[in-house]
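Student: I'd like to ask you about the structure that follows.
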Amino acid sequence: MVTKRKSAPPASLEKSPVRRVTLRDIAEVTGVTAMTVSRALRNQSRISAPMREKIQAKALEMGYYPDPALTALVHYRHSRLETPVRAALAWLNFWPDPLKWRQYREFVICWEGASAAAKRLGFHLEEFIIGADMTPKRMEQILHTRNVRGLILPPGECPEGWVKEFSWDQFSVVSIGRGPLALHTITSDQMSNTMLAVRKMQELGYQRIGYAGESWVGRTYCAGFLWSQALTIKKGQQVPPLLATYHDMEQFKAKMAAWISKHKPDAILTDNPQVPEMLASMRIRVPQDIGLAALTTLDCPIDAGIFQNPIEVGRVAVLVLHSLINDNDKGVPAINRQILIEGTWQDGSSLPKR
């Protein structure tokens, strides 16, 4: 018996493998080298803008996309090598007293996280102190001479003159905390941290929880408090937030005394390190009369509350800055991104279980 061989399917039905478009393919069509194509697709400034646009348009037309397996392999090979320090990243210090920021443990740990991350990526994080006699143009020259391509704006005010006159579009820039420029920002998740704190305070048995904080648009602690209050606290137990500027502490203290007398909170959540001293001057005992929780345990003399994980804030700031440098993304972005770092709760003697 002869078994008939099945006939092959028509050629039109056969599935032939689709060949990937490579850098060499794009190079042949555009008349440049594969290295030039690679640099253009990574938006490197050494390739002229018209050539970058031409190569990127042709790559899109030909259906090119990076090979994720190859990208992962290159990353793995680089991570196996000890990266030499090749350039500096600038930490711009605009503080009138340039040493004062080191009095805040939150900022010091943030610097340490950023510095360690920079070193792992082959950079050196360097502090540049902006004195009263330093002009934006002079600082630009210094940064270019030092081969600085990336800037970090740490917490603190940036003078209005610098906001307008400094050539931000010559550098990749990120901000730690919200500032006057709408930069890509890495900061603590103030809203969710506050909601976490309120929940923990409730679990410890506190019912009339009050919030005392700074009245400033850049802080979102109060938003988290009000949202938690609306969702989880009965109306009869809700305490309105106490908001005030921190420029006049005597006025803030007077407002706090009247607020406590009227609303009788059994616990206070605050970011103000002077609250324990204010309560003591009012003969209010902590925690016997009122429990206390801080929104940053590092810089408040209150041991219960939120640890904002500043080392992660600094680390992520450098990772984002590194990605901007690699993408040749400079200046103030059209659409800024905000990365929020979650904090963790810490129990403490200032807020014992009721």
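Student: In the set 305, 348, which member is on the phi > 0 side of the Ramachandran plot and not hydrophobic (A, V, I, L, M, F, W, C)? Outline the logic, then answer.
Tutor: Values: 348 fails: on the phi > 0 side of the Ramachandran plot.
Just a single option satisfies the conditions, and that option is 305.
Student: Within the stretch 155-170, is there a residue that is part of a strand (DSSP E or B) and more than 13 Å from residue 93 (Cβ to Cβ)?
Tutor: No, because not a single residue in the stretch 155-170 is part of a strand (DSSP E or B) and more than 13 Å from residue 93 (Cβ to Cβ).
Student: Can you tell me how many residues within the stretch 297-354 are polar (S, T, N, Q) and either part of a strand (DSSP E or B) or surrounded by fewer than 17 Cβ atoms within 10 Å (Cβ to Cβ) (or both)? Write out each step before concluding.
Tutor: Taking the stretch 297-354 first, the residues polar (S, T, N, Q) are 297, 308-309, 323, 326, 328, 336, 338, 344, 346, 349-350.
If we keep only those that are either part of a strand (DSSP E or B) or surrounded by fewer than 17 Cβ atoms within 10 Å (Cβ to Cβ) (or both) as well, we get 323, 326, 328, 336, 338, 344, 346, 349.
Within the stretch 297-354, residues that are polar (S, T, N, Q) and either part of a strand (DSSP E or B) or surrounded by fewer than 17 Cβ atoms within 10 Å (Cβ to Cβ) (or both) number 8.
Student: Then there is this: From the residues in the stretch 39-64 that are among the hydroxyl-bearing types (Ser, Thr, Tyr) and at pLDDT below 85, which one is surrounded by the most Cβ atoms within 10 Å (Cβ to Cβ)?
Tutor: Taking the stretch 39-64 first, the residues among the hydroxyl-bearing types (Ser, Thr, Tyr) are 45, 48, 64.
Narrowing the set further to residues that are at pLDDT below 85 leaves 45, 64.
On the way: 45: 11, 64: 18.
Within the stretch 39-64, the match that is surrounded by the most Cβ atoms within 10 Å (Cβ to Cβ) is 64.
Table: residues versus (1) more than 20 Å from residue 352 (Cβ to Cβ); (2) touching a strand residue (DSSP E or B) at 6+ places or on another chain (Cβ under 7 Å); (3) in contact (Cβ under 8 Å) with a residue 40 or more places away in the chain.
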position	(1), (2), (3)
210	no, yes, yes
215	yes, yes, no
223	yes, no, no
302	no, yes, yes
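Student: Could I ask something else about it? When the residues of the stretch 207-223 are narrowed to those that are over 17 Å from residue 265 (Cβ atoms) and not polar (S, T, N, Q), which ends up farthest from the chain's Cα centre (by Cα)?
Tutor: From the stretch 207-223, those over 17 Å from residue 265 (Cβ atoms) are 214-220, 223; that's our starting set.
Then keep just the ones that are not polar (S, T, N, Q); that gives 214, 216-219, 223.
Working: 214: 21, 216: 19, 217: 17, 218: 14, 219: 14, 223: 19 Å.
Among those that are over 17 Å from residue 265 (Cβ atoms) and not polar (S, T, N, Q), it is 214.
Student: Here is a check on your reading of the model: is residue 245 crowded, with 20+ Cβ neighbours inside 10 Å, hydroxyl-bearing (Ser, Thr, Tyr) and on the phi < 0 side of the Ramachandran plot? I'd like the intermediate steps shown before the answer.
Tutor: Numbers: crowded, with 20+ Cβ neighbours inside 10 Å: no; hydroxyl-bearing (Ser, Thr, Tyr): yes; on the phi < 0 side of the Ramachandran plot: yes.
Here the answer is no, as residue 245 does not meet what is asked.
Student: So which residues in the stretch 119-134 are under 24 Å from residue 102 (Cα atoms) and outside any helix (DSSP H, G or I), if there are any at all? Before the answer, list the steps.
Tutor: First, pick out the residues of the stretch 119-134 that are under 24 Å from residue 102 (Cα atoms): 119-120, 123-134.
Once the filter is applied, which keeps residues that are under 24 Å from residue 102 (Cα atoms) and outside any helix (DSSP H, G or I), the stretch 119-134 yields 123, 124, 125, 126, 127, 128, 129, 130, 131, 132, 133, 134.
Student: Would you be able to say whether some residue in the stretch 138-150 is within 17 Å of residue 314 (Cβ to Cβ) and assigned to a helix (DSSP H, G or I)? Full working, then the answer.
Tutor: Kept after step one, since they are within 17 Å of residue 314 (Cβ to Cβ), are these residues of the stretch 138-150: 150.
Retained after the next criterion (residues that are assigned to a helix (DSSP H, G or I)): none.
Within the stretch 138-150, none of the residues are within 17 Å of residue 314 (Cβ to Cβ) and assigned to a helix (DSSP H, G or I).
Student: Being in contact (Cβ under 8 Å) with a residue 60 or more places away in the chain, under 25 Å from residue 46 (Cβ atoms) and in contact with a strand residue (DSSP E or B) (Cβ under 7 Å, 6 or more places away or on another chain) is the filter here; which residues of the stretch 125-182 pass it?
Tutor: Passing the criteria: 125, 147, 148, 149, 150, 151, 152, 171, 172, 173, 174.
The values are calculated or read from the model by the stated rules, or taken from the named source; none is laboratory data. In this text, all values refer to a predicted model and were calculated from it rather than measured experimentally. We place every Cβ from the backbone using ideal geometry, glycine too, and count neighbours over all the protein chains shown.
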